[in-house]
Amino acid sequence: MSTLRLEIVTPERIVYEEDVNMVVAHGVAGQLGILPHHVPLITPLKIAALKVKKGNSEELIAVHGGFMEVRKDKVVVLAEAAEQVSDIDVSRANLAKERAEQRLAGKDDHYDHKRAEMALQRAVTRIQTHGK
Ligand code: ATP
């Protein structure tokens, strides 16, 4: 089975660097299944779990926005933050989710709602990625 190189990079570290068979990512315009020799493209990503297929196994990686560049035999994801399942601290994500929900439920405009919504999405993505 042919492969493509997947690299997921944040400002802090290389989160993932492996030869894989398929990548399923959530682009802002919809879900994209990337196989080797896909046409080149660049797309912004949603805050969501990216799926990697490798042989008979599948794994999920929480990717918090950023961009994906697809080349002939390489996919590069650049994101502010990304975590493999084993990196995710679920208690921390649950606390972040509660904090964001409280901010969104608040009546005053003290907190920036857009920011709280993004924090909520990151927390939910971490909880879902870890739970699958
Ligand atoms: P928190 O409020 O808990 O910091 P956050 O969504 O604001 O969450 P980010 O700004 O997205 O956090 O990430 C900051 C750094 O912390 C990144 O390196 C990210 O990978 C890491 N990180 C955040 N939450 C978790 C988590 N629940 N488990 C593991 N790593 C996390």
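Yes/no per residue for (1) closer than 18 Å to residue 119 by Cα; (2) out of contact with any Phe, Trp or Tyr (no Cβ under 6 Å at 6 or more places or on another chain); (3) of a type in the set (Phe, Trp, Tyr); (4) at pLDDT 95 or above:
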position: 14; (1), (2), (3), (4): no, yes, no, yes
position: 19; (1), (2), (3), (4): no, yes, no, yes
position: 34; (1), (2), (3), (4): no, yes, no, yes
position: 73; (1), (2), (3), (4): no, yes, no, no
position: 81; (1), (2), (3), (4): yes, yes, no, yes
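The set of residues in the stretch 1-22 that are assigned to a strand (DSSP E or B) and either β-branched (Val, Ile, Thr) or in contact with a His (Cβ under 9 Å, 6 or more places away or on another chain) (or both) comprises 4, 8, 9, 14, 15, 20. I want to confirm something. Restricting to the stretch 33-69 and keeping residues that are small (Gly, Ala, Ser) and in contact with a Leu (Cβ under 7 Å, 6 or more places away or on another chain), which single residue is nearest to residue 20 (Cα to Cα)? Out of the qualifying residues, it is 49. Of the strands (runs of 3 or more DSSP E) lying entirely inside the stretch 23-132, those carrying at least 1 residues that are under 23 Å from residue 6 (Cβ atoms) and away from the ligand (no atom under 14 Å from the Cβ) are 30-34, 41-44, 47-54, 57-64, 67-71, 74-78.
The values are calculated or read from the model by the stated rules, or taken from the named source; none is laboratory data. The structure displayed is predicted, hence computed values, not measured ones. Don't worry about glycine lacking a Cβ; one is built from the backbone with ideal geometry, like all the others, and counts go over all protein chains shown.
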